[in-house]
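Working notes, structure below.
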Amino acid sequence: TKRAHGALRPAQQNPRQETQMMDLILWRHAEAHEGSEGQDDLTRALTPRGEKQAARMAAWLDRQLPEGLRVLASPALRTEQTAQALKRKFKRRAELLPGGLPGDLLELVQWPNAKGAVLVVGHQPQLGQTAAQLLGMGSGACSMRKGSVWWLRQRQRLDHSETVLLAGVFPHHP
């Protein structure tokens with residue numbers, strides 16, 4: 001994984017600046033086996049390379065993530081295995097299954113009104129479409145590589161709000 005310089009500061013309220021922040025961390029599942037004919041897509045497991053990708057990204061995330069983080073994952077096997085690499089409790093949510101829409105994800109995490117941080121482990125194109133929408137990139141999807149993390153922050157300051165990309169971390173491919 002690409003190393004960041006210093007830890008990311010967790011989202012928090014700062015009454016002096018009347019700022020409220022929410023962090024949304026989007027983590028695409030790591031590399032998975034191709035489905036065989038007749039296999040349920042939800043039962044596809046990570047490859048050995050995918051397991052390594054998930055472990056490396058989980059190690060990076062573990063150093064960055066704030067206390068009180070909520071972790072949500074698609075109930076597909078490959079996303080559960082990716083989330084398990086973090087060794088934190090997570091909730092499986094059907095809104096994150098393949099084919100989900102950005103609106104489903106944003107409603108689930110209560111964007112932008114929740115406080116603190118939420119980590120979502122999911123699939124393309126939902127994650128990329130969500131990132132594109134939040135960053136004002138139009139209706140098209142950003143392409144998120146397998147195993148990558150995009151860390152977004154919503155800031156509300158007085159009469160305006162903005163979404164910023166704090167980090168984009170991509171798995172190292174040996």
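The values are calculated or read from the model by the stated rules, or taken from the named source; none is laboratory data. Just so it is clear, the model here is predicted, and its values are computed rather than measured. Cβ atoms come from the backbone with ideal geometry, glycine included; neighbour counts cover every protein chain shown. Side chains are part of the model used for accessible areas, which takes the heavy atoms of the whole protein and leaves out ligands, DNA and RNA. Shrake-Rupley method; radii C 1.70, N 1.55, O 1.52, S 1.80 Å.
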Under the definition of Cα pairs under 8 Å and six or more residues apart, what whole-number percent is the relative contact order of region 41-92?
-> 49
Solvent-accessible ranking of Ser161, Ser143, largest area first, probe 1.4 Å | Ser143, Ser161
How much accessible area does His123 have with a 1.4 Å probe, in Å² rounded to the nearest 10?
-> 10
Tell me, what is the FRET efficiency for His172 and Leu101 to the nearest 0.05, using R0 = 30 angstrom and their Cβ-Cβ distance as r?
-> 0.45
Where only C-alpha atoms are counted, convex hull volume of the chain per residue in Å³ = 114
Give me the lysines in straight-line cross-link reach of Lys146: C-alpha distance below 19 Å, same-chain residues under 8 apart excluded.
-> Lys2, Lys52
Two-decimal log10 I(q)/I(0) for region 87-155, as the Debye equation yields it once each C-alpha is a single scatterer, q = 0.13, 0.22 Å⁻¹ = -0.35, -1.05
Please report Rg over Rh for region 50-123, where both radii come from the alpha carbon positions and Rh follows the Kirkwood definition.
-> 0.96
Within region 90-147, which trypsin sites (Lys or Arg not before Pro) sit in a loop by DSSP and count at most 16 neighbouring Cβ atoms inside 10 Å?
-> Lys115, Arg145
How large is log10 I(q)/I(0) at q = 0.15 Å⁻¹ when the Debye formula is applied to the Cα atoms of region 36-87, each weighted equally and without solvent?
-> -0.46
With all protein chains present, the chain has a carbon and sulfur share of its accessible area (1.4 Å probe) in percent of 49
